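The values are calculated or read from the model by the stated rules, or taken from the named source; none is laboratory data. Please read all numbers here as calculations on a predicted model, not as lab measurements. Glycine gets a Cβ as well: all are built from the backbone with ideal geometry, and neighbour counts include every protein chain shown. SASA here: full protein model, heavy atoms, side chains in, ligands and nucleic acids out. Shrake-Rupley method; radii C 1.70, N 1.55, O 1.52, S 1.80 Å.
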Amino acid sequence: MGRITWRTPGLLLGLVLAIHVASGLITGSAAIHTGGDNAAYVTLAHSLASQGSYTELWHPEAPPHTMYPPLYPGLLAVLMLLGAKTWGVFKALSLLLTTLATAFCFLWVRRLHDVRVASLVALLFGVAPAVLYYSQWILAEPLFMTVVFASLWLMTPAQRGGANRAAGDKPRGRAKAAARRRRARNRRGDATGLSGSLPAAELAAGLALVVAAYFTRSAGLPLVAAAAAWLALRRKWTMLGIFAVAFAALAVPWQLRSGGQYASAFWLVNPYDLDQGTIGLGGLLARVGENLRDYTVQHVPTGLTGLRGAPAAILGVALAGFALAGWLRRIRSGPGVAEVFFLLYAGLIMVWPVVWSGDRFALPLLPLILLYAGEELVRAAARLPRTAPRMAAVAASAVVLIPAGASWLDGAGNAGECRVRVVTGGPFACYGSSVRQMQAMALWTREWLPPGSVVFARKPRLFHAFSGHPSAVYPFTSNTGDLLALADSLGVDHLVLGNWDASGRRYALPAVSANPDRFCLVTELRDGSGSPISLLAITAPPTEDPAGAAGGGEGVRTCPNEGSEANLPMASLATMTVPILERE
């Protein structure tokens, strides 16, 4: 015990992880996310666990899934096989994974600097609002960050000499001579990224994690390319050959299966509004400029601090400037895997469609930005009096931590209120009536629609998770005939019309109004005094004019033997068990 001090790596790492876990528990929402990706991952895991296939059970045609790589759903499937059935268990896995990501961030930086720098970078990353936000949802990002940082740690040779002192500390005596020797090696290109040996087992494990990153998210491809480039720079030709063959053996079958779905969406102006068409080279350059601006002044600084507006923009520009200078300095002295990955991954998210951009895609870059910017800031301050580097580091950390702490307090208050609502109202109790009505309609159809029914819904994957019925989203086009054409091709026999967003009024309701003889009202559910959510049956054209009209759209009749309105099934809404897993 006498040897444990505030510079003991295990103690500092434990404190950082404890702070992250406490922050995640206090600020984490007990609700489930309204995005379809969460339900998609759970459904794919259900397919793996129950059928041994990677199938889109939510889709009317149940095709093989080709978009999300299978590693994260496979991990969820393991939990299901062990008996997990509630949303809360799968959400808890995300917090566990962000905790591991924070630990590997610490271990990676520790190979480059002393324990104080590693602790600071890991702390700033672990309490970042964006990291805490994604620690509460059922998404692949926490696992992706874990395998990325673990691979960077294993593939980064420990920096000798300078690894045991803080960047910017002025060396004295023998330390000055060691510093001169290191600078000479750097001028010869013999720097940390290219020199130093790695045990074969560590290198092999690191490369295995690189492959795991790709099979967690397709955005792991830049890490694959970075690892290959780094092996080539180090002239590890045998290892590069083994890595290339092993990766190709796994990735080529997956690519043949997927058929380049992301590539087809890449050229769309907006994958959620097909009427906007596609872009050309000029549009691609404009997209890069827009993404560069948004990531610099919004996504990255807001993800790190919670700041918005002008303060975020000022901080973002400063971070970008220092990080770019720090990255260039490392590139000149010999790039490591992290430096190549930084370039390739940043380039990838710059060319994504703008509607996909956000702090979600910037998460793997946050520790790298913090490290590069911090190194350059301390290096610049080293020209000033001796205490300047430490003061600069403290001041910069405060600029990030103070607003992040304020965001943490706001999140804690909101999370506390949400927990109370979820206990009595279920996983969507913290959202508005339109979301709760969707859940209620899905549960109603689970009980009252016959097996084999197929439903059009705005969020088909969520709708399937609660109803068990195959579901598809209605086409986002202004052509009113497209909805019925797609319904006929997929065998869709019901349509949910609600107020989830404007898409129902913009795309689905005009199709109903233009073809009232093809629809009839099955039921409506109402939450308080708000607008109800309607379930319409899609029928064959009648042989005579319909008599009367009821809800859903102009001229739409009530289906025979169906009621027109029902109340929310509150008891069914409150359960936190995933409905499609209840009977497993």
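As an exercise, take the mean of 1/r over every pair of distinct alpha carbons in the chain, invert it, and state the Kirkwood radius in angstroms.
Mean inverse Cα-Cα distance, inverted, gives 26.2 Å.
Quick check on packing: order 451-457, 223-229, 311-317 by the mean number of other C-beta atoms within 10 Å, highest mean leading.
Sorting 451-457, 223-229, 311-317 by mean packing, highest first, produces 223-229, 451-457, 311-317.
Give the Cα extents of the range 480-522 along the principal axes, in whole Å, largest first.
Computed over the Cα atoms, the extents are 25, 20, 17 Å.
Before I look further, what does the chain give for accessible area per residue, probe 1.4 Å, in whole square angstrom?
Counting only protein heavy atoms, the per-residue value for the chain is 43 Å².
Counting residues in the range 347-498 as N, plug N into 2.2 N^0.38 Å and put the Cα Rg over that result.
Working it through for the range 347-498, the quotient is 1.68.
Taking the Cβ-Cβ separation of SER489 and THR577 as r and a Förster radius of 41 Å, what is the calculated FRET efficiency to the nearest 0.05?
It comes to 0.75.
Over the range 408-479, one equal point on each Cα, no solvent: what is log10 I(q)/I(0) by the Debye formula at q = 0.11, 0.12, 0.14, 0.23 Å⁻¹?
Summing over Cα pairs of the range 408-479 leads to -0.38, -0.44, -0.56, -0.97.
Quick one: which of 504-516, 244-256 comes out on top by average Cβ neighbours within 10 Å, and what's the full order, highest first?
504-516, 244-256
Please quote Rg/Rh for the range 335-403 to two decimal places, taking the Kirkwood radius as Rh and restricting both calculations to Cα atoms.
Here the Rg-to-Rh quotient is 1.09.
Mind grabbing the base-10 log of I(q)/I(0) for the range 24-169 at q = 0.14 Å⁻¹? Debye formula, identical points on the C-alpha positions, no solvent, two decimal places.
Values, matching the q order: -0.73.
In whole percent, how big is the carbon plus sulfur part of the accessible area of the range 306-463, probe 1.4 Å, protein atoms only?
That fraction is 68 percent.
Ranked highest first by average number of other Cβ atoms within 10 Å, how do 372-384, 342-354 line up?
Output ranking for 372-384, 342-354: 372-384, 342-354.
Can you give me the distance in nm between label points at ALA158 and ALA540, each placed 7 Å from the Cα along the Cα-to-Cβ direction?
7.7
Rounded to whole Hz and in sequence order, give me ³J(HN,Hα) for the range 358-368 from the Karplus expression 6.51 cos²θ - 1.76 cosθ + 1.60, θ = phi - 60°, writing x for Gly and Pro.
Here the 3J(HN,Hα) series is x, 5, 4, 7, 8, 3, x, 8, 4, x, 5 Hz.
Taking H placed 1.01 Å from N in the peptide plane, check which residues at least 5 places from PHE519 or on another chain put their amide H under 5 Å from its amide H.
THR539
Which value, in nm² and rounded to one decimal, describes the direction-averaged projected area of the C-alpha convex hull of the range 20-86?
Value for the range 20-86: 5.7 nm².
Write down, largest first, the equivalent ellipsoid semi-axes of the range 255-411 in whole Å, where each equals the square root of 5 times an eigenvalue of the alpha-carbon gyration tensor.
Working from the Cα gyration tensor, I get semi-axes of 33, 19, 13 Å.
Multiply the residue gap between ARG7 and SER397 by 0.36 nm, knock off their C-alpha separation, and tell me the result in nm, one decimal place.
138.6 nm
More than 14 angstrom separation, counting every C-alpha pair in the range 97-163; what % is that?
56
With the contact rule set at Cα under 8 Å and sequence spacing of 6 or more, what percent relative contact order holds for the chain?
Relative CO of the chain lands at 16 percent.
Ratio of alpha-carbon Rg to the 2.2 N^0.38 Å globular estimate for the range 447-526, to two decimals, please.
1.03
Report the Cα-based extents of the range 282-360 along its three principal axes, largest first, to the nearest Å.
Projected onto the principal axes, the Cα atoms of the range 282-360 cover 36, 30, 21 Å.
Kindly give Rg over Rh for the range 19-59, based on alpha-carbon atoms, with the Kirkwood expression for the hydrodynamic radius.
Here the Rg-to-Rh quotient is 1.19.
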